[in-house]
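Working notes, beginning with the structure itself.
Taken together, the values in this text are just the output of simple stated rules run on the coordinates, not laboratory data. Quick caveat: nothing in here was measured; it's all calculated off a predicted structure. As a convention, Cβ positions derive from the backbone with ideal geometry for all residues, glycine included, and neighbour counts pool all protein chains shown.
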Amino acid sequence: MSPDVRKKLGKMAKKRLQKLLAQAGLGSRREIEGWIARGEVRVNGEVAILGTQADLTDRIEVRGKLLRLQDKPFERRVLIYHKPEGELTTRQDPKGRPTVFEALPPIRQGRWITVGRLDINTSGLLLITNDGELANRLMHPSYEIQRLYAVRVLGGLTPEQQQAMLDGVELEDGPARFESIIEAGGTGANRWYHVSLREGRNREVRRLVESQGVTVSRLIRIGYAGITLPPRLRPGRSEALDLDTVNALATLVGLPKQSAKKKAPDPHAQSRAAKSYRASRGTRLARRQGRK
């Protein structure tokens, strides 16, 4: 980082450490707060606490590794990933089971962060971003982001059971309810339902449905924050959202939009254009001479 940049940054207001690192794409705020609470983060040689503030001029270490936070503009990116059953959403697994991170493209700024989790037996839409603050807000219950699921139930649900889940059910970690339940067909003993809710507690959809004494035989997330799972996206594949969609997600949770990245001018473009002009001019002259 140049002295001029450091001088400019030194005049900027410091931010809470977890917010600064989240904005740099190191992880979600919740994840970073865990690092700080465990004493794994140091600022200028001192162990950080949850009240520590910092900026890009400070020396920040995580688990003994010095961070090199970039002073160039941060490019927010968001992927949609079609998670298959059998994959974990954790970064590593001691048992060696596959994780979603193994299937993601490399990234230059920050690292990929999942927006919430899907358990190993659940498939479907997973949003993944390099912006920790965006991930944190999209997960936080205060923003009431809508999640949509397709649930396959063995034996189906009665109208009374559906109404009970719409009214609310007391689970072991507090009350829970679906915002909507729509019957979506099925064959044999299995019936499909599309359900929506605005929070994402651990295995909440499964627990809420199974509170009615029925068995969930399959669970697929089909929507999150207005983004739906594209039929063309095969399990285990991802695709990037365009800038307008990324900005819509940011606006939804009160974050500023980002402008389109300007392409650097091509220094060879003029010479290529000149060569093309000379070649076409030579062709025209040859044609004229051929007519004489």
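For region 61-212, the Stokes-Einstein estimate of translational diffusion at 20 °C and a viscosity of 1.002 mPa s comes to 121 µm²/s, using the Kirkwood hydrodynamic radius over alpha-carbon pairs.
Taking Lys and Arg as +1 and Asp and Glu as -1, the other residues whose beta-carbon sits under 15 Å from that of Leu126 total +3.
Positive contributions from Lys and Arg (+1) and negative ones from Asp and Glu (-1), summed over other residues with Cβ under 11 Å from the Cβ of Leu20, come out at +2.
Estimated at 0.36 nm per residue, the fully extended path between Glu102 and Asp119 surpasses their Cα-Cα distance by 4.5 nm.
Other residues within the sphere of radius under 11 Å centred on the Cβ of Ile145, judged by their own Cβ, net out at +1 (K and R +1, D and E -1). Computed from backbone phi with θ = phi - 60° and the Karplus coefficients 6.51, -1.76 and 1.60, the 3J(HN,Hα) list for region 138-151 is 5, 8, 5, x, 5, 8, 6, 6, 6, 10, 10, 9, 9, 10 Hz; x is used for glycine and proline. The length gained on full extension between Glu172 and Lys95, counted as 0.36 nm times the residue separation minus their Cα-Cα distance, comes to 24.9 nm. Considering only Cα-Cα distances, which of the following residue pairs are longer than 24 Å: Lys19/Lys83; Lys14/Lys257; Lys14/Lys65; Lys15/Lys83; Lys65/Lys257; Lys19/Lys257? Correct reply: Lys19/Lys83; Lys15/Lys83; Lys65/Lys257.
Put simply, the amide H of Asn190, placed in the peptide plane, has neighbours under 5 Å in Gly155, leaving out anything fewer than 5 places away on its chain.
Under 5 Å from the amide H of Phe74 lies no amide H of any residue 5 or more positions distant or on a separate chain, with H modelled from the backbone and absent for Pro and chain starts.
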